[in-house]
Amino acid sequence: MEQLTDLKAILHSKRANIYYLEKCRVMVKDGRVLYLTQEKHESKYWNIPIANTTVILLSTGTSITQAAVRMLASAGVLIGFSGNGGTPLIAGSEIEWISPQSEYRPTEYVQGWLSFWFDEKKRVDAAKQFQKSRLDYIEKVWANDRELQSYNFYVDDMDISDALNINRKIEKASNISELLNIEAQLTKKLYKIAATKTKIGEFVRNHNAESGLAGSAVDIANAFLNHGNYLVYGLAATTLWVLGIPHGFAVMHGKTRRGALVFDVADLVKDALVLPLAFICAKEDVTEEQFRERCLLQFTKHKALDFMFNVVKETANVVEEVGNAIPEVAK
């Protein structure tokens, strides 16, 4: 089997590509991973540069060969099967990613993570740090992105400044439930701000909105939010796979879903990047493909993967330094 070292490896935090494919066959031809599309009078092959790819989402009407899966795994590419428009994410009967199999994942980050994870107070402290990092990233992105500023997303505007001014609330929170409530209230305010600035009408979040269907700007914004969020989930899953931290060791969303740490890491960048762009693209009435392309450009422009990696690594190491030894139950 071709090993990752045989490829021109690019660090996952620097990779640029996410692929969403539908009505095609993913296969290996002449030593490369390609996808084959059928048109009226001809078939076309398209190359996938696997060494610069983080995630492939396979939607309706797709198939993939075992040889392609083998090569994708050797390059560390995560595979997800999804419905139309990237949602919902399915793999068999579980909401999960198909991760490359490798026993050579780093151990220092999962060990650092476990050194605090079994202590509830330290887990709350880590969750607080995640929320602060999330706020810092929103402020940094919105202070420097001209596309967002063209729609009046300025961090020093009173409505945005007031919404983001929650550090004191985060510090005072004593448990995860309080932090989840603070997080939900912030996102709700940001939805309202984005709807107001883009003038798309009164917004109500619909997590079941489907892509590709005609509807109002609010319906389209909901569908774009769902689609963009799943792209971020792919980046988060990639981050955790590379660092060797299982998805079940969440700090915020760990009560009901075993993949919860993926959602924790994705939340670091979702509100900063996907949320405003979903509303802007709904206002501009762009296609789903155009929205996806603009999401990927934003991820690269604002180094979303780099940021995710840094926050997770810092959380594992910093908390380990200030914490006690790994609890007996974790050994």
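Tabulated values for the structure
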| quantity | calculated |
| --- | --- |
| First in the range 293-308 and over 22 Å from Tyr109 (Cβ atoms), second anywhere and surrounded by fewer than 16 Cβ atoms within 10 Å (Cβ to Cβ), Cβ under 6 Å, 6 or more apart | Thr300/Ala16 |
| Qualifying helices (runs of 4 or more DSSP H) (wholly inside the range 139-199; at least 2 residues being of a type in the set (Lys, Arg) and under 23 Å from Leu277 (Cβ atoms)) | 176-198 |
| Every residue from the range 124-150 that is crowded, with 18+ Cβ neighbours inside 10 Å and under 17 Å from Ile193 (Cα atoms) | Leu135, Ile138, Val141, Trp142, Asp145, Leu148 |
| Hits in the range 1-18 - residues which are surrounded by 12 or more Cβ atoms within 10 Å (Cβ to Cβ) and either assigned to a loop (DSSP other than H, G, I, E, B) or modelled with pLDDT of 90 or more (or both) | Glu2, Leu7, Ala9, Ile10, Arg15, Ala16 |
| Residue ID - farthest from Asp30 (Cα to Cα), chosen from residues in the range 50-82 that are within 17 Å of the chain's Cα centre (by Cα) and touching a residue at least 60 places away in the same chain (Cβ under 8 Å) | Ser82 |
| Residue list for the range 167-214, filter: at positive phi and free of Cβ contacts under 8 Å to residues at least 60 places away in the same chain | Gly201 |
| Identity of the residue in the range 201-216, of a type in the set (A, V, I, L, M) and either surrounded by fewer than 19 Cβ atoms within 10 Å (Cβ to Cβ) or in contact with a strand residue (DSSP E or B) (Cβ under 9 Å, 6 or more places away or on another chain) (or both), that ends up modelled with the lowest pLDDT | Leu213 |
| Single condition Ala73 does not satisfy, out of (1) at pLDDT below 90; (2) within 20 Å of Gly234 (Cα to Cα); (3) not in a helix (DSSP H, G or I) | (3) |
| Sole exception among (1) at pLDDT 90 or above; (2) assigned to a helix (DSSP H, G or I); (3) under 25 Å from Gly112 (Cβ atoms) for Asp219, by number | (3) |
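Matching residues to (1) crowded, with 24+ Cβ neighbours inside 10 Å; (2) not in a helix (DSSP H, G or I):
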{"position": "Ala236", "(1), (2)": "yes, no"}
{"position": "Trp241", "(1), (2)": "no, no"}
{"position": "Phe249", "(1), (2)": "no, yes"}
{"position": "Gly254", "(1), (2)": "no, yes"}
{"position": "Leu261", "(1), (2)": "yes, no"}
{"position": "Val269", "(1), (2)": "yes, no"}
{"position": "Glu289", "(1), (2)": "no, no"}
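The values are calculated or read from the model by the stated rules, or taken from the named source; none is laboratory data. Bear in mind the structure is a predicted one, so any value in this text is a computation, not a measurement. Here Cβ is always computed from backbone atoms with ideal geometry, including for glycine, and neighbour counts include all displayed protein chains.
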